[in-house]
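So the structure is just underneath, and the comments pick up after that.
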Amino acid sequence: MRIFYYPAARRAELEHRSDILGVVGYGPQTAWRGHAPHVAVPLRPVGPPMDEVITGGTVVSAVRDGVHYAHDGEWLFATVEVEAASGGIERAAVDAYGRILRRAEDEGYRYLIRAWQYFPDIHAPDEGLERYRQFNRGRHQALEGYLARGGVRPAATCIGTPTGALTLHVLAHRRPGIAIENPRQVCAYRYPEIYGPRPPDFVRAMKVADVGRTWLWISGTAAIVGHESRAPGDLKAQARETLANLDALVASAGLGDGPQVLAMKVYVRGHEGPLPSWPQPWAGAPTLILGGDICRPELALEIEAVMADGDMGAGHE
Ligand code: 3EB
C-alpha cells in the first residue's frame, strides 16, 4: 500500500492505473472517470484542490448496495454516501456503517482499521441533540454487532463540512489491527455522558503489521487532555497541546527506528486565506491543510496522520 497527495488538476493521469484502492478529492471536484472508488469531500484546502490517492497491489473494484469498494487481498477501501438531512443523521450513520460493514465482512476484510466521516451542520441541533451527538448514537448502534463478533473499533476522523451528504470511507484489513490509546487522553469510547448519550466509537490509532512494514493510522487528534478541551478557540495553544498528544501517542505505539510520516492532514476551523503561523509537527511531511468544523465547537484544529516504519521492501512502489 502507498498513500500520496496529487493535484486534482492532474487527476486524468491516474484514471487508467489498476493499482488504485481509492481516490479522495478535497475541494471543488472535476469528473473522476477511473474504476477505483472516488470520494468527494467538500472541505476547502489551503492551495489548489488535491486528491489523496491510496494504492495497493492488484486491485479488484465493484459497486454493490451503494458501496463503492476496491480490494487487493490485504486491504479493502470502501465508500458510501448517505443523505443526511436534518432529523436523519443518526439513521444515516446506522445505514452508512451497516452497509460498509456488510460489504467488508462479506469480502473477507473483517477488521476496520481507519474510518473518515464527513457531514454538514455538525453542531446544529437535531431533535434537541447536536448532530455530532446524534451521529455518535447511530455509529454506536451500527458497531454493536461488529464488536460482538470480535471486531475492533477503527481509528477515525469526523469533520463537519459546509455542504453535502454524509460520506463515510474506510480501510479494512483481513487481520485485526492493534488499538493504540493515548496516555494523555481518556479513551474516546469511554468519554463521560456530558459529551452525549453515546460516546464516539474510535481508537486513537491503529497499528497494522503488513508485508515489510508496520503502519500507524493516527486518528484526528486535538487539544483534548483527559476528556476536556484545552485553550478554547486558541489555535496556537491548541496546536502545542495537539503536538504533545501526537508525541505521546506515537511514543506509546512503539514504532521501530526511523518511522516516516507518509501523509498528514490538518483541519482548521473557519480558516479564510493564509493561516497564522503555528507550531507544526513533522516538518517536511506531505501535508494537506483543510478548513472544516472540528466536532467540539471550542476546538480550533485537529491533526491526523499515517506513519510507517520498516523499509518498503521489494515489490512495493
Ligand atoms: C476527540 O478527540 C476529538 O468522532 O470519529 C477526533 C477523531 C474526534 C475522531 C470521531 C472525533 C472523532 O474527541 C474529536
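Of all residues in the range 197-219, how many are touching a strand residue (DSSP E or B) at 6+ places or on another chain (Cβ under 7 Å), within 10 Å of the ligand (Cβ to nearest atom) and open to solvent by 10 Å² or more (accessible area, probe 1.4 Å)?
Of the residues in that region, 2 qualify.
Within the range 268-280, is there a residue that is open to solvent by less than 50 Å² (accessible area, probe 1.4 Å) and touching a Gly at 6+ places or on another chain (Cβ under 8 Å)?
yes
Against the definition (within 20 Å of Ala156 (Cβ to Cβ), open to solvent by less than 40 Å² (accessible area, probe 1.4 Å), away from the ligand (no atom under 14 Å from the Cβ) and modelled with pLDDT of 95 or more), how does Met264 come out, yes or no?
When the stated conditions are applied, Met264 passes them.
Return the residues of the range 159-185 that are part of a loop (DSSP other than H, G, I, E, B) and either surrounded by fewer than 17 Cβ atoms within 10 Å (Cβ to Cβ) or basic (Lys, Arg) (or both); say none if nothing qualifies.
Once the filter is applied, which keeps residues that are part of a loop (DSSP other than H, G, I, E, B) and either surrounded by fewer than 17 Cβ atoms within 10 Å (Cβ to Cβ) or basic (Lys, Arg) (or both), the range 159-185 yields Pro162, Thr163, Gly164, Arg174, Arg175, Pro176, Pro183, Arg184.
Only residues that are open to solvent by 10 Å² or more (accessible area, probe 1.4 Å) and hydrophobic (A, V, I, L, M, F, W, C): list them for the range 49-68, please.
Matches in the range 49-68: Met50, Val59, Val60, Ala62, Val63.
All but one of (1) open to solvent by 10 Å² or more (accessible area, probe 1.4 Å); (2) out of contact with any Leu (no Cβ under 7 Å at 6 or more places or on another chain); (3) away from the ligand (no atom under 14 Å from the Cβ) hold for Leu288, so report the exception by its number.
In the conditions (1) open to solvent by 10 Å² or more (accessible area, probe 1.4 Å); (2) out of contact with any Leu (no Cβ under 7 Å at 6 or more places or on another chain); (3) away from the ligand (no atom under 14 Å from the Cβ), Leu288 misses (1) alone.
Taking into account only those residues within the range 241-260 that are surrounded by fewer than 16 Cβ atoms within 10 Å (Cβ to Cβ) and of a type in the set (D, E, K, R), which is farthest from the ligand (Cβ to nearest atom)?
Taking the candidates together, the pick is Asp257.
Of everything in the range 126-158, what is part of a helix (DSSP H, G or I), charged (D, E, K, R) and within 11 Å of the ligand (Cβ to nearest atom)? Give them in sequence order.
Arg133, Arg139
Which residues, counting only those in the range 69-109, are open to solvent by 40 Å² or more (accessible area, probe 1.4 Å) and within 17 Å of the chain's Cα centre (by Cα)?
Glu81
Read through the list (1) away from the ligand (no atom under 14 Å from the Cβ); (2) surrounded by fewer than 18 Cβ atoms within 10 Å (Cβ to Cβ), then give the number of the only condition that His123 fails.
Unmet condition: (1).
Exactly one of these conditions fails for Ile194: (1) open to solvent by less than 10 Å² (accessible area, probe 1.4 Å); (2) under 26 Å from Tyr267 (Cα atoms); (3) without any contact (Cβ under 8 Å) to a residue 60 or more places away in the chain. Give me its number.
Failed condition: (1).
For the range 75-88, state whether one or more residues are outside any strand (DSSP E or B), in contact with a Gly (Cβ under 7 Å, 6 or more places away or on another chain) and farther than 23 Å from Ala285 by Cα.
Within the range 75-88 (the criterion being outside any strand (DSSP E or B), in contact with a Gly (Cβ under 7 Å, 6 or more places away or on another chain) and farther than 23 Å from Ala285 by Cα), the answer is no, since none of the residues qualifies.
Taking strands (runs of 3 or more DSSP E) that fall entirely within the range 1-48, which contain at least 1 residues that are without any contact (Cβ under 8 Å) to a residue 40 or more places away in the chain and open to solvent by less than 20 Å² (accessible area, probe 1.4 Å)?
20-26
Can you tell me which residue within the range 288-317, out of those that are modelled with pLDDT of 95 or more and among the β-branched types (Val, Ile, Thr), is farthest from Ala223 (Cα to Cα)?
Looking at residues that are modelled with pLDDT of 95 or more and among the β-branched types (Val, Ile, Thr), I get Val306.
Checking Pro232 against (1) under 26 Å from Thr161 (Cβ atoms); (2) at pLDDT 95 or above; (3) open to solvent by less than 60 Å² (accessible area, probe 1.4 Å); (4) within 16 Å of the ligand (Cβ to nearest atom), which test does it fail?
Among (1) under 26 Å from Thr161 (Cβ atoms); (2) at pLDDT 95 or above; (3) open to solvent by less than 60 Å² (accessible area, probe 1.4 Å); (4) within 16 Å of the ligand (Cβ to nearest atom), Pro232 violates only (3).
The values are calculated or read from the model by the stated rules, or taken from the named source; none is laboratory data. Source: prediction; values computed, not measured. FYI the Cβ positions are ideal-geometry reconstructions off the backbone, even for glycines, and counts take in every protein chain you see. To get the accessible areas, we keep the full protein, side chains included, count just its heavy atoms, and leave off ligands, DNA and RNA. Shrake-Rupley method; radii C 1.70, N 1.55, O 1.52, S 1.80 Å.
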